[in-house]
Amino acid sequence: MSAQANAYQRVDQANTLEDVHQEIMDITPDDTPFLSNCPVGPSSQNTKKEWDNDKLDPQNTANAWIDGDVFAGQAITTPFRLDNENQISRKDFTITRRARKVKKTGMRDEVSRQVARKGRELKIDMNGILQLNQAKLADADGDTAPLLAGLPTWIIGGSDGRADRGATGADPASLGAVKTDGTAREGSESGILAVVSAVAKVSKKKPNVLCMDHDSKSKFSAYMFSTNARIATPYQDHGANKRSGLTVNGAVDVWVTDYAVIEVVPDLYMPPRLAAADTFDFWIYNTSGVWVSYFDQISTNAMAKVADSYDRMVLVDYTLMPSNPDCVGTFADVDPALDWVV
C-alpha cells in the first residue's frame, strides 16, 4: 500500500509543537534510613559537641552490713566525657539570570527546584557520612575541613562483631578512632544474634534496628525462609486481600529474637568498608542511643552577586552524637554476594 499522491503527511510538517510532559520525573531514590532513624539531639552550641556518660556501679551481691556498723564513705564513679566534631557539608550551584527567567518545562523556578534537589542530595551524603569509618578531625589551623567520627568508631566492648577489634571496654580514649577491616565473610544468624545479645547485656537496652546494605537484605530474607533457619513464619492476620489472587510474603522485615524485637532495615546508601567497595558492616542498635546534633540545620544561603547569575549554598553543620555508645553493635565485613549461614 502507499499514500495518496501529493498527500501532506506528518513527516512533511516543519511547524509542529513538541509534546513535552509538564513534569520532571525524579528517578533517584532518596530514602535515608540511618539518618531518619536517628533522633535529633540537643543543638550544638560550639563546633565540638561534648556530653557526659555515667554508669551505675556493678551489681554487688555481697552487700550486707552488721547492725550498727560504722559509716564508711564509698568511692564515687566519675562520669566520663565524650565528644565529636561538627562537620560542614554543603551543595553549591549557580543559575544565570536568563536560565532562570526563560520559560521551561516541568518547573516554575529553576533556583527553587535546585534548592529542593540539593537538600535531598545533602541528606543522602549525611546518611553515608554518619556511618563512615572515619576518625574525628578538628579544624585546628583554619585550613582543615573538620570531620565527625562516624558510627563504626564508636562501637566498643563485647558488642563489636569484628574479631580483630578486640574488647576495649568503655575507655573514652578508645572511641572515635578508625577501626581495622577484617576478613570478608557471609552473613550469619548466630553471629548477629551474638551481637544482639551483647548489646542488650552491656547497654541494658534492647536493640530495635538491624541496618544492612540493600543486597544483604535480600540474602537475609532468603536465608530466613530456607530450611536452615525455618523460622520466617507470618503470624499476623493479613486481612482481606485488596486484589484478586494470593499475596506472597517473601521478605522478613521484623525479626523476633530471644533478646529483642528488631526491625530489619535495608539502606541503599550505606557506605562500604574502607578496604573493599563490595563489603559492608551491619549495625545492630537501639535508636534511643544514637543522635544527630546540629550546629546549623540544613539551610539555603544566597551569595553576594558577583555576576549576572544567582548563587546559592545549601549547607548543614552537624555531628553524630552517640549518647550511649553501648547501645550500638556491629556484625562487620559482610560480603553481600555470599549466602547466609547459621
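Some values worked out for this structure:
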{"read-out": "Meets criteria (at pLDDT below 90 and closer than 17 Å to Gly289 by Cα) for Val209", "value": "no"}
{"read-out": "Elements of type strands (runs of 3 or more DSSP E) contained in the stretch 275-342, each with 2 or more residues being closer than 20 Å to Gly128 by Cα and without any contact (Cβ under 8 Å) to a residue 40 or more places away in the chain", "value": "291-302"}
{"read-out": "Among (1) modelled with pLDDT under 90; (2) over 26 Å from Lys204 (Cα atoms), the one test that Ile298 misses", "value": "(1)"}
{"read-out": "Whichever residue in the stretch 220-243 is more than 19 Å from Pro33 (Cα to Cα) and at pLDDT 85 or above and, among such residues, is farthest from the chain's Cα centre (by Cα)", "value": "Phe225"}
{"read-out": "Boolean, Leu246 is of a type outside the set (D, E, K, R) and modelled with pLDDT of 90 or more", "value": "no"}
{"read-out": "Some residue of the stretch 255-277 being surrounded by 15 or more Cβ atoms within 10 Å (Cβ to Cβ), at pLDDT below 75 and under 24 Å from Glu85 (Cα atoms)", "value": "yes"}
{"read-out": "Selection count, the stretch 140-179, where residues are touching a Leu at 6+ places or on another chain (Cβ under 9 Å), part of a loop (DSSP other than H, G, I, E, B) and at pLDDT below 75", "value": "4"}
{"read-out": "Filter result (more than 22 Å from the chain's Cα centre (by Cα) and either over 21 Å from Ser226 (Cβ atoms) or part of a loop (DSSP other than H, G, I, E, B) (or both)) within the stretch 182-196", "value": "Thr183"}
{"read-out": "Unique residue being more than 26 Å from Asp125 (Cβ to Cβ), in contact with a Gly (Cβ under 6 Å, 6 or more places away or on another chain) and at pLDDT 90 or above when the list is Val202, Val195", "value": "Val195"}
{"read-out": "Condition check for Ile298: out of contact with any His (no Cβ under 7 Å at 6 or more places or on another chain), buried (at least 22 other Cβ atoms within 10 Å of the Cβ) and of a type outside the set (S, T, N, Q)", "value": "no"}
{"read-out": "The stretch 88-124 - residue that is assigned to a loop (DSSP other than H, G, I, E, B) and in contact (Cβ under 8 Å) with a residue 12 or more places away in the chain and, of those, nearest to Ser309 (Cα to Cα)", "value": "Met107"}
{"read-out": "Among residues of the stretch 56-104, those that are within 30 Å of Asn127 (Cα to Cα) and polar (S, T, N, Q), counted", "value": "5"}
{"read-out": "Of all residues making up the stretch 313-342, the number that are of a type outside the set (A, V, I, L, M, F, W, C) and modelled with pLDDT of 95 or more", "value": "3"}
{"read-out": "Filtered residue count, the stretch 310-332, keeping only those that are more than 17 Å from the chain's Cα centre (by Cα) and either surrounded by fewer than 17 Cβ atoms within 10 Å (Cβ to Cβ) or under 30 Å from Ala222 (Cα atoms) (or both)", "value": "2"}
{"read-out": "Answer from Asp52, Asp83 - the residue that is closer than 27 Å to Ser203 by Cα, part of a strand (DSSP E or B) and either under 21 Å from the mean Cα position of the chain (by Cα) or small (Gly, Ala, Ser) (or both)", "value": "Asp83"}
{"read-out": "Test: residue in the stretch 124-141 that is among the basic types (Lys, Arg), buried (at least 17 other Cβ atoms within 10 Å of the Cβ) and in contact with a strand residue (DSSP E or B) (Cβ under 9 Å, 6 or more places away or on another chain)", "value": "yes"}
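The values are calculated or read from the model by the stated rules, or taken from the named source; none is laboratory data. Quick caveat, the model's predicted, so the values are computed rather than measured. Because the Cβ atoms are built from the backbone with ideal geometry, glycine has one as well, and the counts that use them run over all protein chains shown.
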